[in-house]
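See structure below.
The values are calculated or read from the model by the stated rules, or taken from the named source; none is laboratory data. Computed from a predicted model, the values in this text were never measured in an experiment. In this analysis, Cβ positions are derived from the backbone assuming ideal geometry, glycine residues included, and neighbour counts consider all displayed protein chains. Side chains are part of the model used for accessible areas, which takes the heavy atoms of the whole protein and leaves out ligands, DNA and RNA. Shrake-Rupley method; radii C 1.70, N 1.55, O 1.52, S 1.80 Å.
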Amino acid sequence: MDLSRNDKFDSSGVSLRISKLDTREYRALVLENGIKVLLVSDVELHNASASMNVAVGSYSDPADLPGLAHFCEHMLFLGTEKYPAEDSYKRFLRENGGDGNAYTVMEDTNYYFWVTAGAFHEALDRFAQFFITPLFTLSATEREINAVDSEHHMNLQSDAQRAFRLHANFASHDHPFSKFGPGNKTSLWDRPRQKGISVRNELLRFYKENYSSNLMSLALVAPEGLDSLEELVRSKFANIENKSIPPRSEQYEDIPIFDTRSKCAHIVPVKDKRELLIRWVLPPFDYRFKTDQFIAHLIGHEGKGCLQSLLVARHWANELLVRTSVNLDHFSLLDVSIELSQDGENHYLEIVQLVYGYLNLIKTHGVNRNLWEECKIMAEVAFDYQEKEDRTTLATRLAGTMRKYPAEHYVCGPLLYFEFDEDNIYKTMESLIASPVYVFLTSKLGEEECNSVEEWYNTSYSAKNLEEELVEEWRRSSWDENLNIPPPNEFLPADLSVLEAPKPGTESPELVRDDESYRIHHLMDNQFRLPKTNLMVFIESPCVYSSPRMFVLSSLFISMLNDDLKESTYDSRIAGLRHVIAHGTGGILLMFEGFSHRLEKLVSLVVQRIASFKPDMGRYEVMRESLKEQYNNFHKEQPYQLAMYTLGYLLEHPRWHINAYKKEISQISFAELEESIPRMRSELFIEMLAHGNIDAKGVDGMISVFERKLKFRPICRAERLRQVISELQVSPEGSLYRTAVSNPDESNSAVLVYFEFGSISPRNFQAACVAGVLAQMIREPCSNQLRTVEQLGYVVHSSMTKYNNVIGLQFIVQSPTSSPQTVNDRIEAFLKTFEELVLKPMPHEQFKKYVEGLRTFKREKDGKLSILTSRIWTEILNETFVYDRKQAEEKALQQVTHENVVDLFRRRVSRNAGERRKLSVHVHGNQHPVENELETSATVIADLDLFKSKLHLHPRIVSDDDIVAVA
């Protein structure tokens, strides 16, 4: 195994440790005003990205203005002295094939964007103005507070957000961990105004006192050379003021987060879920030792003899996850999170004791160099042979972590193990066991006893101090005799060689077998040259999706199979191999990816288990209950997600509704599951794609695994399930389905408006490109008008859709304040304004920017082997086989004219369009009851299934010469 390093020296003499196969050029520097900068030159790119991280977050919020850092983040997008128009920044990015966003966390705020390379210089100038002269206009301030409030409303029913806030609620009020970081209208507008506080003045003060160049880190990823990028950065960012502000963490590093008493809290969730979180507060972890990752690896191991296996064997838990959820400048949080079964929630204190017993086992036998070195080797292998990060993901990650590492470790610091320190690990384990523990049980069991209510999310809970005698008993716990320290990993790759490259020009997979049982496609990688292979398999089984009941039975089979494989495949996951078993329409999808050397071994293990699996009665009860809860919880998803699901249900054939699954799951018996599994395996057809570092001999080996282990009768072609799409009726007002959310506490409503454009043949690139240009043109005006100006809600989205071979355009708005009918009317009003004031009069040069932005996106090579595999696999599953689609669409875009786009809008979208096919879904929250809606001229859908049954179906077009009509 070659683990030689790849160090690159920049012009300042800094040696940056990068991955072995990374061909990008790097340069680290510090501007005179103190901004840390990392430049990344990647000549293969056609787009560029930048990210600025400011070491100021919600911990810096004033006590009487919770959420001000987050509000400040929103406001920087809404105009600067040099570019005062509120939509100027986002409009420029989207006109040039890009976009941007930001996020605020505890100690950081990160801003990022991407754009075509030709527009990068101007985009960077616009971006730099955020940190020089933002406007914070009064008008924008008064409106944007509603966007912050809508974002808060979107998260009100999120169990993750509610739990995080409740954890913070137990912190000392003197420590910023207790602050309400997201903010809302109450915290940022109503209460401050009642106290006579000018929120705009406080925004200006916050920006002036916290945004300083010495707290900033900037990362650029672009196709330009390093010298050009350095000149660009120095010219754009040198004017940012250095106020020499010390790190904000110094203000609270000596303040204790919690008191010294261990606590236990019971949280009532929105969804049906049971989770046990065990948390410890520890000092910050030194990145060189990776002590937290090593300890998490041992506690969270899923192999035989591990803690998770013991809990699963007792039917107390389904999953266990260990991670450092927070690692800041002056403290860290180590979390053990356990998904409990129904029986497990009755034993959660016993589970805590088992965790402590395992901690004592690790302290006694687990602190050894061999285990740490194994983690170090796998981290180095994963780092050196990682797939290329997306440019924006890379820039954002680097900017966000640069302040925590020396320049030579900017790239590798979060990922590699550097030094073994046995004493550090041992002391951490001792501190972990001796520290106060915070136990959080999330469960609806006993919710009537949870009489306290958290202020911002209205979460019901109860809390108490744990008896010190009980905690001491846990600390002295011996480990269960079935627990062991993980053994050496047999899946570690020993051969990381790359096979000889195929002939140049080999870019499409070869069909190596096509018979009644198998269709096998093979493409040996000629682009990425990694020692990795992706194997995609679709096992078609007609009975799997033949009825809602069979779908539920097959879901149980897949869930139990995945559960059964956890222990035996965990080492392979640690060693860089991964497998997925999931549902596909009409069958079961398998995905294998990772290092080629051991991949066939993993495939053999999984296929053998599929062929021989017999369900266990105890696990059946647990997994059935888990699946039942998934079905019940679906209706508590975000309203806009429910709207998207309903649209898919109405358009796709065949498609069963989740309500049918809920009905069936309670009636299924263990005996029926046992009887159904052999049927699912008896008549099959297997589609396979082998892509990557695998030759013909390797493909034969994979096929042989399936042929030896999986015995079946081939299905005839007519039995193979193929999905088709409904054809909507021509109607100016369209059809409308209204439904109320089942969660009585959900205040948001959602509207989805869908316009069908029609079916296209696989090689009709022109039609797809015209629709794509229209979607790109409408995106920013839609967001600006409905979100920024009218403040209808935080979720405002428009995009091109493609259901099989049917293309269209959809608009999604989720609003806590406006009724669905009002939102629908505002969308229609926007479309009219867009047509008359934006689309028709658009100057030629502006139109060409949109086209060139899309062309640039199409020209960019697939950045990862997995992305290319996914694109090829989609063509295979759809039976379109257009492997050069990106290149063909890039050429077709050259022929798209302004007139083409105007004509498409006029025929298919405009209110007076002669071929308008519109379908709307309105999901009503508790603020907007369905019965309060006014009458509509749209055709109201009273029965989903009846409406669906009356629609014609588009033909399934699998090639330009093969049209299969569906009656």
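Classify the chain from the C-alpha gyration tensor, please: rounded if a/c falls under 1.5, else prolate or oblate depending on whether a/b exceeds b/c. In terms of gyration-tensor shape, rounded. Around the amide H of H583, modelled in the peptide plane, lie the amide H atoms of L589, all under 5 Å away and 5 or more residues distant in sequence or on another chain.
Applying 1/(1 + (r/R0)^6) with R0 = 45 Å to the Cβ-Cβ distance of S546 and L349, what FRET efficiency is obtained, to the nearest 0.05? Walk me through the intermediate numbers first.
On the way: r = 46 Å, r/R0 = 1.01.
Step by step, r from the Cβ atoms, then E = 0.50.
With r as the distance between the Cβ atoms of K886 and D945 and R0 = 60 Å, compute the FRET efficiency 1/(1 + (r/R0)^6) and round to 0.05. E(calc), rounded to 0.05, equals 0.95. Estimated from helices alone, the mean residue ellipticity of the chain at 222 nm is -11500 deg cm²/dmol (sum of -39500 (n - 2.57) over DSSP H runs with n ≥ 4, per residue).
Of all lysines in the structure, the ones whose alpha carbon falls short of 30 Å from that of K709, not counting any fewer than 8 places away in one chain, are K304, K532, K566, K601, K614, K697.
Remark: spin-label model distance K802-R200 equals 4.6 nm, labels positioned 7 Å along the Cα→Cβ axis.
Listed values for region 476-491 are Karplus-derived 3J(HN,Hα) couplings in whole Hz (6.51 cos²θ - 1.76 cosθ + 1.60, θ = phi - 60°), namely 8, 4, 8, 8, 4, 5, 8, 8, 9, 6, x, x, x, 8, 7, 9, and x replaces Gly and Pro.
Between S228 and E836, the simple spin-label model (points 7 angstrom out along Cα→Cβ) gives 4.5 nm. Quick check on region 659-747: take the gyration tensor over C-alpha atoms, sort the square-rooted eigenvalues as a ≥ b ≥ c, and tell me if it's rounded (a/c under 1.5), prolate or oblate. It comes out prolate by the Cα gyration axes. Phi angles of region 787-794 translate, via the Karplus equation with coefficients 6.51, -1.76, 1.60 and θ = phi - 60°, into HN-Hα couplings of 9, 6, 7, 8, 6, 6, x, 6 Hz per residue; Gly and Pro are given as x. Comparing region 744-886 with the 2.2 N^0.38 Å rule of thumb, its C-alpha radius of gyration ratio is 1.21 (two decimals). The loop-placed trypsin sites (Lys or Arg not before Pro) in region 529-591, going by DSSP, that have at most 16 neighbouring Cβ atoms within 10 Å of their Cβ come out as R529. Rounded to the nearest 0.05, the FRET efficiency derived from the C-beta distance between Y103 and V580 at R0 = 22 Å is 0.20. For V437, the amide hydrogen comes within under 5 Å of the amide hydrogens of S262, K263, counting only partners 5 or more places away or on other chains and with H modelled in the peptide plane.
Starting from the Cα-Cα distance between S704 and K208, subtract it from 0.36 nm times their residue separation and give me the gain in nm to one decimal. Don't skip to the answer; put the middle values down first.
On the way: separation 496, 0.36 × 496 = 178.56 nm, distance 6.74 nm.
Value of the extension gain: 171.8 nm.
The distance between label points at E142 and S612 comes to 7.4 nm (points 7 Å beyond Cα on the Cα→Cβ vector).
Pairs spanning more than 29 Å between alpha-carbon atoms, out of K82/K891; K273/K663; K503/K849; K185/K404; K858/K948: K82/K891; K503/K849; K185/K404; K858/K948.
Computed from phi, the 3J(HN,Hα) profile of region 67-75 under the Karplus parametrisation 6.51, -1.76, 1.60 (θ = phi - 60°) reads x, 5, 4, 5, 4, 4, 4, 4, 5 Hz, with x in place of Gly and Pro.
Here, region 531-639 is characterised by an Rg to Rh ratio of 1.00, where Rg is the alpha-carbon radius of gyration and Rh the Kirkwood radius. Only Lys, Arg, Asp and Glu carry charge here, each on its Cβ (+1 for the first two, -1 for the last two); on that basis the chain has a dipole of about 1740 debye about its Cα centre.
By the Cα gyration tensor, region 602-671 has an equivalent ellipsoid whose semi-axes, rounded to whole angstrom, run 29, 18, 12 from largest to smallest. What a 1.4 Å probe finds exposed on the chain is 48% carbon and sulfur by accessible area, rounded to a whole percent.
Averaged per residue, what accessible surface does the chain expose to a 1.4 Å probe, in Å²? Don't skip to the end; give the middle numbers.
Details: 38290 Å² over 967 residues.
With all protein chains present, the chain gives 40 Å² per residue.
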